[in-house]
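*Asks:* I'd like to ask you about the structure that follows.
Please treat every number below as a calculation from the coordinates, not as lab data. Since the model is a prediction, treat every value here as computed from it, not as a measurement. Here the Cβ positions follow ideal geometry from the backbone for every residue, glycine too, while neighbour counts run over all protein chains shown.
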Amino acid sequence: MQHNQYYKVLRDQLKKGEVQRRTVLSEQGLGDEALFVKERCVGELSTEPHDWMNEQHLLIEDLSSEVELVIFGGGHIALELYHIALRLELDVTIIDEREEYCNVQRFPKARCICTDFEEVFKQDRDWVRPYFIIATRGHSYDQLCLEQVLKLPHWYIGMIGSKNKVAKTFENLKIKGYTDAQLALVHAPIGLDIHAVSASEIALSILAEVVSQYRKRNTSVYMEKRVLQSMMQEEHFVVVRVIDKTGSAPCRIGFQLACFPDHSFTGTIGGGVIEALALEHARAMIEDPSMRNHIQSFSLDSEKAGSVGMICGGSVTLLFQRR
């Protein structure tokens, strides 16, 4: 299987749910990979034949898709949420029936759906891992959106509002047949309690809660859409993946980046000195076709870390894969 086809299969499978990646870490076929869904192989990128079910020295990772932030309402809270979400590299969708509050000039890097809230739910949406935030301009719209998103697959639902407004909304939904168990899933009032007052502080409290939710319940490796898109489009590149770490290095197993022939890159293995050294090594690998897939460790003890103004030490073991 060609690598661009392999990464397309990975992207398509992630839209449906989690995927397991198995990577060879032994000398024979080092860096070969296969994708599994419910113990069924759906894609393989390898130079050697492998017994993926029984082979030793496999790194096994559960992969999941990135978070999609779906915001109902394009007002001042939504605008602050949008700007912070960009820093968190989240996909953002803005939904509002008012064109002046839902347009690419206001939200240039978001997906804008400018239509009546009732119309939004009359067609299937391609949300895979949605985190819904309800912040419309009116209580009736909030209730309408909450009623509909409770029917959809979701990972998080939060609704802005006072305790009285939330209680009234919940009462109305109970009359319509929604249960206490369903309503208990809704974060309302929304956000962590940081005594927020301004729009920026409220947005910060909401996204802090969102992050706490997706980090708490997701132990799988987080696959960034932009990294996968680059891997599908580029013909040649080097992938750098964290396969082990010790100490306080600012990364986790599964972090990865892709380095391209023009020396640009996308993704991260945690930043800092170790990432800079890894990029230097990956670029050397791009320039030297004789360099094969290999594993290399980089360490940064406390003394070295302090000398470059860092507080993080530890060591990271990286897998360099040629694609």
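*Asks:* What aspartates and glutamates does K245 reach when the alpha-carbon gap must be under 14 Å and sequence neighbours fewer than 8 apart in one chain are set aside?
*Replies:* Hits, sequence-local ones excluded: E275, D301.
*Asks:* If you build a Gaussian network model of the chain, linking Cα atoms that sit under 10 Å apart, which residue out of R125, R106, R98 swings the most?
*Replies:* R125
*Asks:* Okay, helix-only estimate at 222 nm for the chain: each DSSP H run of n ≥ 4 adds -39500 (n - 2.57), divide by all residues, round to 500 deg cm²/dmol; what do you get? Spell out each step's value before the answer.
*Replies:* Details: 10 runs with 106 residues, N = 323.
Calculated at 222 nm, the ellipticity per residue is -10000 deg cm²/dmol.
*Asks:* Based on a Kirkwood Rh over C-alpha pairs, give the Stokes-Einstein translational diffusion coefficient of the range 68-217 at 4 °C and viscosity 1.567 mPa s in µm²/s.
*Replies:* Working: Rh = 15.4 Å.
Answer from the Stokes-Einstein relation: 84 µm²/s.
*Asks:* Hey, another quick one. Could you calculate the FRET efficiency of N103 with M53 from 1/(1 + (r/R0)^6), where r is the beta carbon distance between them and R0 is 56 Å, rounded to 0.05? All intermediate terms of the calculation are to be shown ahead of the outcome.
*Replies:* Values: r = 52 Å, r/R0 = 0.92.
So, using R0 = 56 Å, E works out to roughly 0.60.
*Asks:* If the limit is 28 Å between Cα atoms, which of K8/K38; K174/K225; K109/K165 go over it? Write down the numbers at each step before the final one.
*Replies:* Values: K8/K38 19 Å; K174/K225 38 Å; K109/K165 32 Å.
Long pairs (Cα-Cα over 28 Å): K174/K225; K109/K165.
*Asks:* What translational D, rounded to a whole number of µm²/s, comes out for the range 224-323 from Stokes-Einstein when the hydrodynamic radius is the Kirkwood one over Cα pairs, at 25 °C and 0.890 mPa s?
*Replies:* On the way: Rh = 13.7 Å.
Taking Rh from Cα pairs, D becomes 179 µm²/s.
*Asks:* Using the count of nearby Cβ atoms within 10 Å as a rough guide to exposure, how do H57, H195, H294 rank from fewest to most? Don't skip to the answer; put the middle values down first.
*Replies:* Details: H57 11, H195 6, H294 15.
So the residues, fewest neighbours to most, are H195, H57, H294.
*Asks:* Calculate the translational D of the chain in whole µm² s⁻¹ from Stokes-Einstein, where the hydrodynamic radius comes from the Kirkwood formula applied to all Cα pairs, the temperature is 4 °C and the viscosity 1.567 mPa s. Don't skip to the end; give the middle numbers.
*Replies:* Working: Rh = 21.9 Å.
Answer from the Stokes-Einstein relation: 59 µm²/s.
*Asks:* Right, another one. Quick one: go through the range 120-135 and flag any residue whose amide nitrogen is under 14 Å from the point 7 Å out along the Cα-to-Cβ line of E147.
*Replies:* 120-122, by backbone N distance to the label point.
*Asks:* Using only Cα atoms, what Kirkwood radius does the range 1-63 have, in angstroms?
*Replies:* Details: mean 1/r = 0.0852 Å⁻¹.
Computed over the range 1-63, the radius equals 11.7 Å.
*Asks:* Take the alpha-carbon centre of the range 196-242, take the same for the range 1-59, and report the distance between them in whole Å.
*Replies:* With the range 196-242 and the range 1-59 each reduced to a Cα centre, they are spaced 22 Å.
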